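In what follows, a structure is listed as structure tokens, so that the remarks can point back to it.
The values are calculated or read from the model by the stated rules, or taken from the named source; none is laboratory data. All values derive from a computational prediction rather than experimental measurement. Virtual Cβ from ideal backbone geometry, glycine too; neighbours counted across all protein chains shown.
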Ligand code: URA
């Protein structure tokens, strides 16, 4: 078994090495001016050692909130998101609602809300997973490297951001681009569902596995779901939906661009049909 050498002033990492380590670990933004030593915070330590609380009773007739291990706080946030999103009459009102919604912890670490880009009258809507660093800084979805590829994919079917609408399941950047938790996804889900209902596109395109699985209610992976047509029921209308690869995945695995191209051809064909 190898032993770790003790850190001495001579072999201690430099500040640059430490920062490089943090960056690689996904720690790329400061959350507060002062560091918090959570190991010496007696409140946090006693809360962590307290036994778990039993789940709160649900109001009669309420729909169970999720297949996740939602604690009472999460459950309340999901219910309040559902209730708020359900009655929001317009996209502007939905954006304002999200600006004021405090039920998702991601909002606290994100720079700003990333609501949508493109034309809300468009016949086609693309939905990704969650904003990254560039999107968080600009407040617009898909403006980084994968966004440039998405623009080219959209251009391949003769459209651009004036004739397509783009959003994400999660409208706040998870810190360090980590995967959103199932609880965060469940809290944000009613908002993207309402956004889809309000945009009411003729074709919905889910980009990559997470948005496909959550919106199209499938457990199958993107290799099986891509290129397949699904029915997406908004509650007032059934929309044709199709999954394709996330552009970030295509940047890492360009060999799949050929299949993405086939999906785009199918989408273009669907758009040839008259608006419904
Ligand atoms: N990836 C996404 O899923 N969404 C964005 O907005 C950017 C990158």
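Looking at 206, 212, 179 in this structure, which one is modelled with pLDDT of 95 or more, within 13 Å of the ligand (Cβ to nearest atom) and over 24 Å from residue 268 (Cα atoms)?
179
Go through region 147-169 residue by residue and tally those that are more than 12 Å from the ligand (Cβ to nearest atom) and under 14 Å from the mean Cα position of the chain (by Cα).
Total satisfying the criteria: 0.
Any idea how many residues of region 234-261 are more than 16 Å from the ligand (Cβ to nearest atom), modelled with pLDDT of 95 or more, outside any helix (DSSP H, G or I) and loosely packed, with under 13 Cβ neighbours inside 10 Å?
Result for region 234-261: 2.
Can residue 189 be described as within 16 Å of the ligand (Cβ to nearest atom) and not in a helix (DSSP H, G or I)?
In short, no.
Can you tell me which residue within region 104-120, out of those that are outside any loop (DSSP other than H, G, I, E, B) and more than 10 Å from the ligand (Cβ to nearest atom), is farthest from residue 186 (Cα to Cα)?
This residue is 118.
Here are some conditions: (1) under 18 Å from residue 242 (Cβ atoms); (2) in contact with a strand residue (DSSP E or B) (Cβ under 8 Å, 6 or more places away or on another chain). Residue 158 meets all but one. Which one does it not meet?
For residue 158, the exception is condition (2).
Are any residues in region 121-146 more than 6 Å from the ligand (Cβ to nearest atom) and under 17 Å from residue 205 (Cα atoms), and if so, which ones?
Of everything in region 121-146, those that are more than 6 Å from the ligand (Cβ to nearest atom) and under 17 Å from residue 205 (Cα atoms) turn out to be 121, 122, 123, 124, 125, 126, 127.
Can you tell me which residue in region 131-157 is nearest to residue 252 (Cα to Cα), limited to those that are assigned to a loop (DSSP other than H, G, I, E, B) and touching a helix residue (DSSP H, G or I) at 6+ places or on another chain (Cβ under 8 Å)?
So the residue we want is 144.
For region 194-203, which positions are touching a helix residue (DSSP H, G or I) at 6+ places or on another chain (Cβ under 8 Å) and either within 15 Å of the ligand (Cβ to nearest atom) or farther than 20 Å from residue 150 by Cβ (or both)?
Result: 194, 195, 198.
Residue by residue, here is whether (1) at pLDDT 50 or above; (2) under 18 Å from residue 170 (Cβ atoms) holds:
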site: 38; (1), (2): yes, no
site: 46; (1), (2): no, no
site: 72; (1), (2): yes, no
site: 85; (1), (2): yes, yes
site: 88; (1), (2): yes, yes
site: 93; (1), (2): yes, no
site: 105; (1), (2): yes, yes
site: 111; (1), (2): yes, yes
site: 120; (1), (2): yes, no
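Please work out which one of (1) out of contact with any strand residue (DSSP E or B) (no Cβ under 9 Å at 6 or more places or on another chain); (2) in contact (Cβ under 8 Å) with a residue 40 or more places away in the chain; (3) assigned to a loop (DSSP other than H, G, I, E, B); (4) closer than 23 Å to residue 194 by Cα is the condition residue 163 fails and give its number.
The failed condition is (1).
Output the number of the condition that residue 89 fails; it satisfies all remaining conditions of (1) buried (at least 19 other Cβ atoms within 10 Å of the Cβ); (2) more than 10 Å from the ligand (Cβ to nearest atom); (3) closer than 27 Å to residue 274 by Cα.
Every listed condition holds for residue 89 apart from (1).
In region 207-224, is there at least one residue being under 14 Å from the mean Cα position of the chain (by Cα), within 19 Å of residue 156 (Cα to Cα) and crowded, with 16+ Cβ neighbours inside 10 Å?
Initial filter on region 207-224 (under 14 Å from the mean Cα position of the chain (by Cα)): 207-215.
If we keep only those that are within 19 Å of residue 156 (Cα to Cα) too, we end up with 207-208.
After this cut, where a residue has to be crowded, with 16+ Cβ neighbours inside 10 Å as well, the list is 207-208.
The answer is yes, given that some residue of region 207-224 is under 14 Å from the mean Cα position of the chain (by Cα), within 19 Å of residue 156 (Cα to Cα) and crowded, with 16+ Cβ neighbours inside 10 Å.
Inspect all residues belonging to region 48-56 and state whether any of them is touching a helix residue (DSSP H, G or I) at 6+ places or on another chain (Cβ under 6 Å), part of a loop (DSSP other than H, G, I, E, B) and at pLDDT below 90.
Within region 48-56, one or more residues are touching a helix residue (DSSP H, G or I) at 6+ places or on another chain (Cβ under 6 Å), part of a loop (DSSP other than H, G, I, E, B) and at pLDDT below 90.
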